[in-house]
1. Please state which of the following conditions B:Pro130 fails to meet, knowing it meets all the rest: (1) touching a strand residue (DSSP E or B) at 6+ places or on another chain (Cβ under 7 Å); (2) crowded, with 21+ Cβ neighbours inside 10 Å.
2. Need the failing condition index for A:Glu255 against (1) part of a loop (DSSP other than H, G, I, E, B); (2) surrounded by 16 or more Cβ atoms within 10 Å (Cβ to Cβ); (3) without any contact (Cβ under 8 Å) to a residue 60 or more places away in the chain; (4) within 16 Å of the ligand (Cβ to nearest atom), just the number.
3. Filter the stretch B:141-158 down to residues that are within 14 Å of another protein chain (Cβ to nearest Cβ) and part of a strand (DSSP E or B), then give me how many there are.
4. Look at the stretch A:163-208 and say how many of its residues are of a type in the set (Asp, Glu), within 22 Å of A:Lys151 (Cβ to Cβ) and over 15 Å from the mean Cα position of the chain (by Cα).
5. Quick one: how many residues across the stretch B:43-61 are closer than 24 Å to B:Ser202 by Cβ and either facing chain A (nearest Cβ under 8 Å) or surrounded by 18 or more Cβ atoms within 10 Å (Cβ to Cβ) (or both)?
6. Only one of B:Asp187, B:Asp177, B:Asp147, B:Asp141 is buried (at least 21 other Cβ atoms within 10 Å of the Cβ) and charged (D, E, K, R). Can you tell me which?
7. With polar (S, T, N, Q), at pLDDT below 95 and farther than 19 Å from B:Thr66 by Cβ as the only criterion, which of A:Thr84, A:Thr102, A:Thr114 stands out?
Amino acid sequence: MTERVETQGISDEHYNFAYLDEQTKRMIRRAILKGIAVPGYQVPFAAREMPMPYGWGTGGIQVTAAVIGKHDCLKMIDQGSDDTTNAVALRNFFVETTGVDTTTKTKDASIIQTRHRIPEETLTKDQVLVYQVPIPEPLRFLEPRETETRKMHALEEYGLMHVKLYEDIAKFGHIATAYAYPVMVQDRYVMDPSPTPKFDNPKMDQMEALQLFGAGREKRIYAIPPHTKVVSLDFEDHPFEVTKFDQPCAICGAEEVYLDEVILDDDGNRMFVCSDSDFCEERREAGHVGHLGTNPLEAEGND
Amino acid sequence: MSTQTASSIFAKAPAPGLADPVHDAQSVFRSAMNALAQPGTVQQLDNLTLSPPAPLSVAATALVLTLCDYDTPLWLDPALATNETVKNYIRFHTAAPFVESPAEAAFALVSDVKLLPAIASFAAGNAEYPDRSTTIVLMVDELTEDDGITLKGPGIKTEKQFSIAPAPAMFWQQMQDNSTLYPLGIDIIFAGTNQVVGLPRSTKITGLEA
Ligand SMILES: [Zn+2]
């Protein structure tokens with residue numbers, strides 16, 4: 001559903017287009033170009049204070065604000081959904097400050113800003129995926145000092161990262177890291193894919209869309225151009241494994257998608273449904289049905 | 001002041017910059033972004049009402065006006081550096097400080113590839129900050145896809161043929177050397193009349209003998 005915004009024009013009186021002043025946009029744009037030229041490398045930038053707290057994704061917002069134009073169609077997702085408080089608030093922010101079209105449909109969007117998920121639908125070369133990143137430095141929990149992590153990236157000293165993953169194997173028999181699972185970009189930089197589930201990691205590899213990452217608090221921008229090699233770190237004897245779900249989506253029957261657990265009632269009944277709400281809706285509209293039939297939540301009028 | 005008439009002041013005023021500074025800059029940036037994200041692919045700029053002083057092209061000027069400001073030391077090739085009209089125009093619209101040494105430049109504007117100094121003389125960044133490097137805006141007469149040298153790397157699905165004209169003998173050799181510095185190195189945005197093409201340091205170049 002592409003909704004036409006009614007607040008168009010109001011923005012011009014109160015804000016610059018997309019909120020940021022032109023000098024700030026130029027600075028962010030230059031950082032984006034460097035990020036594209038050196039995939040996976042974290043470019044420092046002078047992040048601005050935004051009219052929302054850091055946890056809301058100020059880095060992603062600044063990247064989107066520097067990229068977006070009046071002809072764009074924006075999709076805003078959080079945990080795979082267009083309807084969470086965070087997604088709605090950020091979408092409204094851009095509606096008010098740009099007047100652009102917005103959509104919930106992945107395929108209709110020219111810019112998708114996301115937190116925690118990559119859409120299930122394959123993205124195309126005409127799309128830009130903007131990630132909100134809380135902690136951009138994959139080595140931070142191993143080495144708190146920025147000067148040291150910079151040196152480690154400079155020297156490709158990634159042994160510690162492998163040690164950490166191997167400790168998982170020693171402790172759990174497998175690599176337990178399930179979110180923000182580190183990747184190697186184009187055989188050079190170890191990168192944090194933001195707190196997406198590792199299920200989404202393979203989608204980053206050779207993706208046709210441009211991927212941009214913005215971290216507001218830590219003031220970093222990084223990028224993965226289209227058709228770039230992105231490999232999840234692993235070991236020969238313990239290869240990277242994608243999270244497998246032992247059942248399909250309860251309401252659309254999709255397999256090999258990322259599922260969320262939804263509590264249905266006080267008796268502890270639950271179901272697993274697509275985390276990507278647009279993907280699930282499209283499938284149901286196309287006639288696909290899961291083992292629970294229609295969505296029990298909608299049937300109860302809980303919509 | 002009192003001896004100048006209004007018309008004499010206007011006569012000296014630089015030609016206008018981007019007609020719509022906000023939206024024109026956004027669309028030019030998007031072309032530059034796509035250019036570096038898809039090396040060797042020609043990106044057409046939207047129609048811009050821009051009449052920069054000779055010898056600047058619309059595309060090269062649009063890039064400089066979109067990306068440069070007082071934070072970006074700018075190096076001009078010797079022909080531009082001695083052209084007061086060009087310098088006034090760029091100074092007026094960007095406030096970018098001009099630098100004498102290519103190694104100090106965040107951006108370089110080169111109006112003719114024959115005036116390009118050794119690529120190694122520009123800033124390549126350092127191991128900890130490879131982003132502290134020069135981006136060269138290089139004016140060329142022709143940008144041609146699917147012909148010429150072969151490009152491979154991020155942003156290119158398999159490989160991509162690309163050529164520029166004019167292309168001096170040592171140019172591609174120098175760009176090939178530049179890519180061996182990765183992740184250091186310079187990035188180029190070629191500016192045709194109204195098109196741009198990106199060539200980041202991450203692109204591997206082969207097929208020079210052809
Ligand atoms: Zn589903």
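1. (1)
2. It is condition (2) that A:Glu255 fails.
3. We begin by selecting, within the stretch B:141-158, every residue within 14 Å of another protein chain (Cβ to nearest Cβ); these are B:151-158.
Among the residues that remain, those that are also part of a strand (DSSP E or B) are: B:151-152.
Here the count works out to 2.
4. First pass over the stretch A:163-208, keeping only residues of a type in the set (Asp, Glu): A:167-168, A:187, A:192, A:200, A:205, A:208.
Filter once more, keeping what is within 22 Å of A:Lys151 (Cβ to Cβ): A:187, A:192.
From what is left, the residues that are over 15 Å from the mean Cα position of the chain (by Cα) are A:187.
Result for the stretch A:163-208: 1.
5. Step one: list which residues in the stretch B:43-61 are closer than 24 Å to B:Ser202 by Cβ, which gives B:43-45, B:59-60.
Retained after the next criterion (residues that are either facing chain A (nearest Cβ under 8 Å) or surrounded by 18 or more Cβ atoms within 10 Å (Cβ to Cβ) (or both)): B:43, B:45, B:59-60.
Final tally of qualifying residues: 4.
6. Details: B:Asp177 fails: buried (at least 21 other Cβ atoms within 10 Å of the Cβ); B:Asp147 fails: buried (at least 21 other Cβ atoms within 10 Å of the Cβ); B:Asp141 fails: buried (at least 21 other Cβ atoms within 10 Å of the Cβ).
None of the other options fit; the residue is B:Asp187.
7. Answer to the selection: A:Thr84.
Every residue, every condition in (1) closer than 27 Å to B:Arg201 by Cβ; (2) facing another protein chain (nearest Cβ under 9 Å); (3) under 16 Å from the mean Cα position of the chain (by Cα), yes or no:
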residue	(1), (2), (3)
A:Tyr41	yes, yes, no
A:Gly60	yes, no, yes
A:Ala66	yes, yes, no
A:Ile77	no, no, yes
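The values are calculated or read from the model by the stated rules, or taken from the named source; none is laboratory data. Keep in mind it's a predicted model, so treat the numbers as computed, not measured. Note that each Cβ is placed from the backbone with ideal geometry, even for glycine, and that neighbours are counted across all protein chains shown. The area values use the complete protein model at the heavy-atom level, side chains included, leaving out ligands, DNA and RNA. Shrake-Rupley method; radii C 1.70, N 1.55, O 1.52, S 1.80 Å.
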